Amino acid sequence: MDFSLSDKEQKLWDKAKAFTMEHITPHAIELEKRNEFPKDVVQKAYEAGLMNLHIPAEAGGPGQSLVSETLVSEATGYGDAGVATTIMCNNLAFAPLVIAATIDQLKTYVRPLITGKEVKFGAFCLTERVAGSDAGAVATRAEKDGDEYVITGMKCFITSAPQASLFTVFASTQPELKNKGLSVLMVPKSKAVKIGLIENKMGQKNSVQSEVIFDHARVPKDCLVGKEGEGFKIAMMTLDKTRAGIAALATGVAQRAVDEAGKFANIRQQFGQSIGNFQGIGFMLADMGARAAASRQLTRYAAWLADKGIRNSKDSAFAKFFAADAAMQNAIDAAQIMGGYGYLSEYPVEKLIRDAKLLQIYEGTNQVQRVVASGNILKECANLDTGFHVKYDGRDAPLM
Ligand SMILES: Cc1cc2nc3c(=O)[nH]c(=O)nc-3n(C[C@H](O)[C@H](O)[C@H](O)COP(=O)(O)OP(=O)(O)OC[C@H]3O[C@@H](n4cnc5c(N)ncnc54)[C@H](O)[C@@H]3O)c2cc1C
């Protein structure tokens, strides 16, 4: 068993950490106060080669692994979760296309967005007011009209939508089939794609979300990704991959909380000694450090499975809910260790609390992750022989 990164991954990890130290962490509080899209820093991340890593080389992309993507997400998430979400938004928007589009489709629709001088954005459009966790309830329609599809409906909470050039849209081609009638289409920006309400958030202010209204948006039929009716399956395969990215971002937040609290506990003197000497503080730090380390291992394992082509639904769900809960708990504990200073906005920790909360909600809430994980566990246990047999009513059963 080898836990080390490859040379290429190590270089990327070092580069992403150095980028974060220079361009994100020192500016995060100031950037948040501006409450606007962090275009400059994301442009720099694009130029540094930290975006669009998973686009295959045949389609003009870097063709890197999911493990590599998680390294960038953890490093940038350490500096600012909102900036990291903006840097990662193309991973989510383009993942369904990498999974199910042809190389020709990728070359036509994605390559121009990832090879120019200026950073460009995609937007992943699944959620609607009526379809949150219940993705199969999508009401947006895609109707065939000759050689085109006509898309009508409204999405909400869509990350980077106001900046996006390409929208990956989940729409129903056969509503009566529910989940099985969902399809995925690439919709380039046009006058028929309108940006609605911009959402106001408690944290991650360095990312932008909005409604998107598809008002009879017409696209050629070659914008269909995969086959009609494959949308739900593609969405689930996408989330299995991208949840490792959110888990990585959460690991960055969890580690930042450890580091800020650890630094403070060394410096802050009370009762004639540094507060880190108090066992009550030290034990909190130990638990926080273990949560961050466990998050990192779960995340990298989930990404490694995907890179090996091994189904990782359960492991990516584990990684996402564990790391997001770890980020939340560590942020709260860091504030406690910092006392009154943890509550002040000049220090980074109150922002970590606000930023971390979203990690438990987006890309499938932590409850939904537990539904996915427990469903997999129950399936694995249905016919499992643990070696302990008690016969009840002719079947294996618990001792009653
Ligand atoms: C800042 C932000 C960015 C986002 N970015 C995007 C994006 O780019 N693209 C996109 O498509 N979406 C995006 N989303 C949407 C996000 O994925 C959804 O908010 C999330 O999936 C939950 O849906 P919902 O908000 O409708 O909550 P609901 O589904 O209404 O859930 C409400 C509560 O019920 C619980 N619940 C629901 N079903 C179950 C169940 N079966 N078992 C147990 N509990 C359950 C949930 O866990 C939650 O606690 C974003 C959201 C936010 C806030």
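The values are calculated or read from the model by the stated rules, or taken from the named source; none is laboratory data. Just so you know, these numbers come straight off a predicted model, no measurement behind them. In this analysis, Cβ positions are derived from the backbone assuming ideal geometry, glycine residues included, and neighbour counts consider all displayed protein chains. Accessible surface is based on the protein model in full, side chains and every heavy atom, while ligands, DNA and RNA are left aside. Shrake-Rupley method; radii C 1.70, N 1.55, O 1.52, S 1.80 Å.
Listed residues Glu32, Glu58, Glu69; which is charged (D, E, K, R) and buried (at least 24 other Cβ atoms within 10 Å of the Cβ)?
So the residue among Glu32, Glu58, Glu69 that is charged (D, E, K, R) and buried (at least 24 other Cβ atoms within 10 Å of the Cβ) is Glu69.
Which residue pairs have Cβ atoms under 7 Å apart, sit 6 or more places apart or on different chains, and have a first residue in the stretch 6-32 that is within 19 Å of His54 (Cα to Cα) and a second that is open to solvent by 80 Å² or more (accessible area, probe 1.4 Å)?
The qualifying pairs do not exist here.
Does any residue in the stretch 296-311 that is more than 18 Å from Gly77 (Cβ to Cβ) come within less than 7 Å, Cβ to Cβ, of a residue that is of a type in the set (S, T, N, Q) six or more places away or on a different chain, and which pairs are these?
Going by the 7 Å Cβ cut-off, the qualifying pairs are Leu305/Asn312; Ala306/Asn312; Asp307/Ser65.
Would you pick out the residues in the stretch 217-239 that are outside any loop (DSSP other than H, G, I, E, B) and open to solvent by 70 Å² or more (accessible area, probe 1.4 Å)?
Scanning the stretch 217-239 gives Arg218, Lys221, Asp222, Lys233, Met237.
Please pick out the residue among Asp315, Asp307, Asp355 that is among the acidic types (Asp, Glu), under 30 Å from Met237 (Cβ atoms), surrounded by fewer than 22 Cβ atoms within 10 Å (Cβ to Cβ) and under 23 Å from the mean Cα position of the chain (by Cα).
Exactly one residue qualifies, and that residue is Asp307.
From the set of residues in the stretch 111-123 that are assigned to a loop (DSSP other than H, G, I, E, B) and β-branched (Val, Ile, Thr), which is surrounded by the fewest Cβ atoms within 10 Å (Cβ to Cβ)?
Thr115
Taking Lys180 and the conditions (1) touching a helix residue (DSSP H, G or I) at 6+ places or on another chain (Cβ under 8 Å); (2) of a type in the set (Lys, Arg); (3) within 16 Å of the ligand (Cβ to nearest atom), which numbered condition does it fall short on, given that it satisfies the others?
(3)
Would you check if Thr76 is under 11 Å from the mean Cα position of the chain (by Cα), among the β-branched types (Val, Ile, Thr) and buried (at least 23 other Cβ atoms within 10 Å of the Cβ)?
No, not satisfied.
For the stretch 173-203: of the residues being under 23 Å from Arg111 (Cα atoms) and hydroxyl-bearing (Ser, Thr, Tyr), which is surrounded by the most Cβ atoms within 10 Å (Cβ to Cβ)?
Ser183
Going through Ala323, Ala335 one at a time, which residue ends up being away from the ligand (no atom under 14 Å from the Cβ) and closer than 30 Å to Glu128 by Cβ?
Going through Ala323, Ala335 in turn, the sole match is Ala323.
When you scan the stretch 334-352, how many residues do you find that are touching a residue at least 60 places away in the same chain (Cβ under 8 Å), within 25 Å of the chain's Cα centre (by Cα) and open to solvent by 20 Å² or more (accessible area, probe 1.4 Å)?
Qualifying residue count, the stretch 334-352: 1.
Of everything in the stretch 124-154, what is under 11 Å from Met186 (Cβ atoms) and either within 12 Å of the ligand (Cβ to nearest atom) or open to solvent by 40 Å² or more (accessible area, probe 1.4 Å) (or both)? Give them in sequence order.
Result: Cys125, single match.
Going through Phe157, Phe170 one at a time, which residue ends up being surrounded by fewer than 21 Cβ atoms within 10 Å (Cβ to Cβ) and within 9 Å of the ligand (Cβ to nearest atom)?
Sole residue among the options that is surrounded by fewer than 21 Cβ atoms within 10 Å (Cβ to Cβ) and within 9 Å of the ligand (Cβ to nearest atom): Phe157.
Looking for whichever is among the basic types (Lys, Arg) and crowded, with 22+ Cβ neighbours inside 10 Å here; the options are Arg300, Arg370. Which one fits?
Arg300
Checking the condition closer than 27 Å to Gly153 by Cα, without any contact (Cβ under 8 Å) to a residue 24 or more places away in the chain and not β-branched (Val, Ile, Thr), which residue from Lys201, Lys263, Lys221, Lys233 passes?
Lys233
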